[in-house]
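Here is the structure we will look at.
The values are calculated or read from the model by the stated rules, or taken from the named source; none is laboratory data. This is a predicted model, so every value here is computed, not measured. We place every Cβ from the backbone using ideal geometry, glycine too, and count neighbours over all the protein chains shown.
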Amino acid sequence: MERITFLGKTLKNPLVLASGILGNNAGILERVHNAGCGLVTLKSIGPAPRDGHNNPTVVDLGFGMINAVGLPTPGYDRMDAEWQALADRTFPLNASIYGGSVDEFIRVAQFVSEKEPDFIEVNISCPNSDHHGMLFGVDEKAAFAVTNAVKKVISVPLIAKLTPAAPDIGKIAKACEDAGADAICAINTAGPGMVINIEAKMPVLAFKKGGLSGPMIKPVAVRCVYDIYRAVSIPIIGLGGVTTGEDAVEMFMAGATLAGMGSAVRYRGIEVFDQVNRELDDWLTAHHTTREAIIGAAHDRRHLP
Ligand code: DHB
């Protein structure tokens, strides 16, 4: 697989581990890198310690997963051991952060930036903001405000992580770009959804509702990446249901520069990274093309009026 320069950093390939999948342990993330992942993302780090929701928090539905983990975090300033281990890392790191207010985002971002991750991913799509009970990521002004404020206090490139719940995700992406975002990551989980156990007559998740991920949301993710590509000129990390090399090709054709995976790790193990790299290479070779050549390719053919 080709080496890639992304926002000034060298990645060994275009595959990204999505946030929240394998936690914040440096040893585990190094294994994921060694298994073929070009860029690993931390579980979103928040402003204060939180236990998260009761179990069950994640349920595999076969055609994807539903989760309401509840933003468990030790809190940014109680992770000394984790930061120490991550300081000695030999792999590119994307640090995901969240806050319930602009001030909380600023506090977490400032601290995390000093730990020198390669990128900071601003999770404006997490389901726990107190911003008028809404996600920052569904409101252009709120998305701009958070991105702008965080950009001012960090010294590494900023990636804005968006939600498919936005009525017009292209407009949110543009607001983030205008506020100084260096890249967009899309999408966070879709929904929320609910699954009911009909024998128990109750929702399966303890929190009742949860975000959808995996193969069932891929068409939503592809549409979002397509809309974002038309709205901005910064690069896009496309994720949501990517499980195979051909899924990654689809993301690139929609407009993504890199392709992320989360639920796929559950379905195919961490070996999924080496496997998808190989599948992607095989597809590109068979079609006599390159990843760069197919980025945005689905936008070129205007067969509709
Ligand atoms: C959680 C879920 C998300 O979709 C997210 O962006 C952050 C946290 C969670 O339930 O822990």
**Request:** Identify, by number, the condition in (1) farther than 18 Å from Val16 by Cβ; (2) under 16 Å from the mean Cα position of the chain (by Cα); (3) modelled with pLDDT of 95 or more that Lys115 doesn't meet.
**Result:** (2)
**Fill in**
Within region 215-251, residues assigned to a helix (DSSP H, G or I), under 16 Å from His299 (Cα atoms) and β-branched (Val, Ile, Thr) come out as Val222, Val225, Ile228, Val249
**Sole exception among (1) within 30 Å of Ala293 (Cα to Cα); (2) at pLDDT 95 or above for Arg31, by number** = (1)
**Request:** List the number of the failed condition for Gly191; all other conditions in (1) assigned to a strand (DSSP E or B); (2) on the phi < 0 side of the Ramachandran plot hold.
**Result:** (2)
**Item:** Residues of region 18-46 that turn out to be within 13 Å of the ligand (Cβ to nearest atom) and part of a loop (DSSP other than H, G, I, E, B), as a count
**Value:** 10
**Request:** Could you check how many residues of region 136-162 are crowded, with 21+ Cβ neighbours inside 10 Å and of a type in the set (Gly, Ala, Ser)?
**Result:** 3
**Prompt:** Is it the case that region 238-245 has a residue that's surrounded by fewer than 24 Cβ atoms within 10 Å (Cβ to Cβ) and more than 19 Å from Gly20 (Cα to Cα)?
**Reply:** yes
**Message:** I'd like to know if region 196-214 contains one or more residues that are within 21 Å of Leu22 (Cβ to Cβ) and assigned to a helix (DSSP H, G or I).
**Reply:** no
**Prompt:** Do the conditions hold for Thr10, that is, is it within 13 Å of the ligand (Cβ to nearest atom) and either acidic (Asp, Glu) or modelled with pLDDT of 95 or more (or both)?
**Reply:** no
**Fill in**
Of the residues in region 160-197, those that are within 26 Å of Lys208 (Cβ to Cβ), away from the ligand (no atom under 16 Å from the Cβ) and touching a residue at least 24 places away in the same chain (Cβ under 8 Å) come to Pro167
**Fill in**
Only one of Gly62, Gly52 is under 22 Å from Ile21 (Cβ atoms), in contact with a Gly (Cβ under 6 Å, 6 or more places away or on another chain) and free of Cβ contacts under 8 Å to residues at least 60 places away in the same chain, namely Gly52
